[in-house]
Structure formats: C-alpha cells, structure tokens
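Data block below; observations after.
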Amino acid sequence: MAQNIISREGENVERNDAVMPTVAIVLSAVMFIILLFLFNSETAPEPVTIDPAITAAAAKEWPVLGKSIFENGVAAVGASACAGCHGLGGQGGVGPKLAGDQNLLQNAVLAHTRVVKGKGAMPAYEGKLKDNEIYAVSNYVINAWGNKATPPLITPAVIAAAASTISPEVLKNRSRLVPEEIKLPEITLVTFILLCLTYGLIGLYSVWAEGEQLHPGIHKTRSTPVAMLAMVSTLIGVMFFGVLFARQILVDLAGWSADPIVKPDVTAEGFYAAMVVILLGVAAGLYKKYFMDSEVVIEDSSGEFPW
Ligand code: HEC
C-alpha cells in the first residue's frame, strides 16, 4: 500500500480521529468519580451505636458465652468454631496462634474487626453472630490463655473510637498504595481508567504534534527558541521534583523506623513522583515534535494501515 502514501504526498488530509482522545479522557474522568464513590463507601468507617446493654454484656459475657462460641461455634446460624482453625488453646492451626499473639495484644480491636469482616481463609461472622456474641468471642480471645491486651476490653465505645483514628500500622500499609481491602471492581476500574487515560493522552499528543490536518510524508523538524526554552525548563523541573521526591522518601523512611511511627506523607510522595513522570513525558513530546524528524503515515481509503 506504499504507493498510496506517495500519491497523497503534499495533499492534506482531514483527520477523523481527533475527537477520540477527548472522549477517552472524559470517560476516564467519569469512571474515576465512580471509583472514588466505590472506594469511599468501602473505607468509610461504619457508624457505631453505643448501646449500654451491649457495653454491659461485653464485660460479663466473654468467660462463658465467648468461650462457648470459640470452642463450639453456633451451629444453628452456621457460625463455625474458632477453635477449629485457631486451636482450643489458641495455639494456632489453619489460623494463626492467638495465645500471646503480639498483633492482637497490641491492638485488641483487631479481634473484633477480624470476627466481623473475616480475612483470607477466615470467614466473616457479621450477620451470623449477634452483636453481643461478637463482642463476647472477641473479648474471649484477648483475655483467654493469659492474654493481656490493650485495651483490655472491647466495647462499642472502643470500636467507635478506633474507627475514627486510623492506626499508624494501617497507614504504614496503606502508604504502600495497596489498600488492605482492595477488591476486584476497583482493580478493574483502575486498569480501565489508566488504559483510557493513556489512549487519550497519546491521542491528544498526536493531534497536537501532527495537527488537525495530516500532511503525509517525511517532516523535517526545526527547533525554535521557545521549544528549546520549554525543553530546558522541563528538564530542570524533572530534576527539581526528582530531588524533592528523593528527600521525601528519606524523610518517610526515617519516620517509619521512628518510635512512635511518624505517618508517611504519601500525598507528597505521589505528587512528586507523578510530576517527574509527567514532565519526562512532556520532554519526550517536545523532543518528538521539535527535535526529531518524523514521517506521518495515514490510513488508506480501505481503512488498512499502509505498512
Ligand atoms: C476457617 C478457619 C478460621 C476460623 C473458623 C476462624 N479463623 Fe480467625 N483466622 C483465620 C486465618 C487464616 C487468619 C489469618 C488471616 C490473615 O491475616 O490473612 C485468622 C485471623 C484471626 C485473627 C487475627 C490474628 C492476627 O494476628 O492477625 C483473629 C483475632 C482471629 N482470627 C480470631 C478468630 C475468632 C475469634 C474466630 C471465631 C469467631 C475465628 N478467628 C475463626 C482462620 C480462621
């Protein structure tokens, strides 16, 4: 199909793909908003009603009711026995050892969270056990087998307080940009958004670099002083944000090993890294448009790409 290009040399061709990049970018913006909703509803702490009856029961019920649920489960509602996985003495099995488990003893609320939500191989008990039963069995595991946890008793007030302060441990994990509870719909959406954005940005770039009208054939490019200035300032920008990024990482790493942990500034990390990547992209674009000879090829009338 090469003769096709030759025959069109010098002729200008209206491009019909110029709107697609904008469509892709608007689409990704819409999906991004959906994603924010999905993600926020998932990570927003559920409101906790502080019921005095449940609070009173939490202190009293664990030694008997809690022990019984741990050891036998509640067959009638399909709640399997914790002991089946964690062992009668909390010594562990399929599930981790709970007797003397430092994770648990330093953060007793973990027991309640795991029982309510489950994790990995551990089933969620929300909807099977009643509220007071969940408190009973959670308090059992933080008090049985000589366990001494902080706080020593899980009550609705404790859960409400924990919901409003995210622990540094959790932040430490989140700061690695993989939220613990991330689910398939979010992963799919993020991938799709990134695809659309990439497609849109490349498209916008090519409309900018090649114009609304295509001039097929070889293009000799000449750099202009403005392009040169833009190139130099972009590269300075890359270095500037690169240094800021490296500095931020050092600060955050130091905070991570400090005691108590200083929460890392993930937003700054992400912003600096994004600026470096974006500016590098801009530099590559400027280079292609103003400093590199190129050839514009167009589809021929049959729609086949003219290889
Ligand atoms: C089918 C097996 C199974 C059953 C039944 C089960 N668990 Fe678990 N449990 C696990 C597994 C596996 C983990 C580790 C989850 C992870 O971190 O990936 C776990 C984690 C935990 C943790 C957190 C431990 C830590 O250090 O991270 C607690 C607390 C816990 N379970 C308590 C309970 C209680 C209380 C019950 C009963 C109401 C129960 N489990 C029932 C398998 C089970």
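Read-outs throughout are calculated quantities, based only on the coordinates presented, and are distinct from any laboratory measurement. Only a predicted model underlies this, so the values are computations on that prediction, with no experimental measurement involved. Positions of Cβ are generated from backbone atoms using ideal geometry, with glycine treated the same way; all protein chains shown enter the neighbour counts.
Count Lys and Arg as plus one, Asp and Glu as minus one, and take only other residues whose Cβ is under 9 Å from that of Gly255; the net charge is then -1. A full extension of the chain between Phe291 and Ala157 corresponds to an added length of 41.7 nm, given 0.36 nm per residue minus the alpha carbon distance. Under 19 Å of direct C-alpha separation, and excluding same-chain neighbours fewer than eight residues apart, Lys288 reaches these lysines: Lys220. I need the shape label for the range 189-272. Rule: rounded when a/c is under 1.5, else prolate if a/b > b/c, else oblate, with a, b, c from the alpha carbon gyration tensor. Oblate. Of all lysines in the structure, those lying under 26 Å Cα to Cα from Lys117, and not within fewer than 8 positions of it along the same chain, are Lys60, Lys67, Lys97, Lys128, Lys130, Lys148, Lys172, Lys183, Lys263. Shown here is the pair-distance distribution of the range 52-165: with all Cα-Cα distances grouped in 5 Å bins from zero up to the longest one, the shares run 2, 13, 24, 29, 21, 9, 2, 0 percent.
Near His86, once Lys and Arg are set to +1 and Asp and Glu to -1 for all other residues with Cβ below 11 Å from its Cβ, the sum equals 0.
Pairs of alpha-carbon atoms within less than 8 angstrom and 6+ residues apart define the contacts here; what relative contact order does the range 52-165 have, in percent?
Once divided by the residue count of the range 52-165, the mean separation gives 31 percent.
Amide H contacts under 5 Å for Val262: Trp256, restricted to partners 5 or more places along the chain or on a different chain, H placed in the peptide plane at 1.01 Å from N. Count Lys and Arg as plus one, Asp and Glu as minus one, and take only other residues whose Cβ is under 14 Å from that of Ala76; the net charge is then +1.
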